[in-house]
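Since every read-out is calculated from the coordinates, none of them should be taken as a lab result. Just so it is clear, the structure is predicted and the values come from calculations on it, not from any experiment. Quick reminder, even Gly has a Cβ in these numbers, built from the backbone with ideal geometry, and neighbours come from all protein chains shown.
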């Protein structure tokens, strides 16, 4: 498999992270775009693939959506519990940071899965491999941006943030190599996809959206930014489907 296929999402992820660092003064707008990217990834990328794989493995659509709902409720409950403990112990910043780092780890796993998708597509067809790599590189721009937003909360990035960004960038490379000897079963893949979708929804609704409500920027600027994030995922998936 040509290394170029796996270098495209690496470059895209780093570019997204550097974009978030360079324009962190516009944290409200970047967060709004991040909300759109998380919602778009959950509803337009992860869930459709989970339903498709679930039906092929004998699951009903209702079962797959039920798993996704349970995943969302699980992660939402965990976040709410962390916030309650933070309020009680008066260490809110540290607990929020812990949950945000977990979110960054989920994005890293998402990127790892993207690399596996590139490797699997290339195994089926060289043309499909290049098409999938281009589509994934488009929405990995958002993964890099969200990784920085999650680990910095719009502040000045520390070395931890750069480590998470680097890990997110390298994940597709490792995922692509992993397809040479490891593959999940269809039902295992469904479970992983709905877990990631549930976590993205919990982060968007429980963390990012409340943060937007507290910001001073006019809402009329933030709603288009959310829609722009969703549009990025939608266009990337449409392009990916068309090329495939």
(message) Only counting other Cβ atoms within 10 Å, I'd like 43, 75, 23 sorted with the fewest neighbours first.
(response) 23, 43, 75
(request) Can you tell me the order of 230-237, 57-64 when each peptide is scored by its average per-residue count of other Cβ atoms within 10 angstrom, highest first? (result) 230-237, 57-64
(message) Could you list 114, 140, 207 so that the one with the fewest beta carbons within 10 Å of its beta carbon is first and the one with the most is last?
(response) 207, 114, 140
(request) Can you work out the PRE-style zone for residue 65? Point 7 Å along Cα to Cβ, and I want the residues of segment 16-41 with backbone N under 20 Å. (result) 39-41
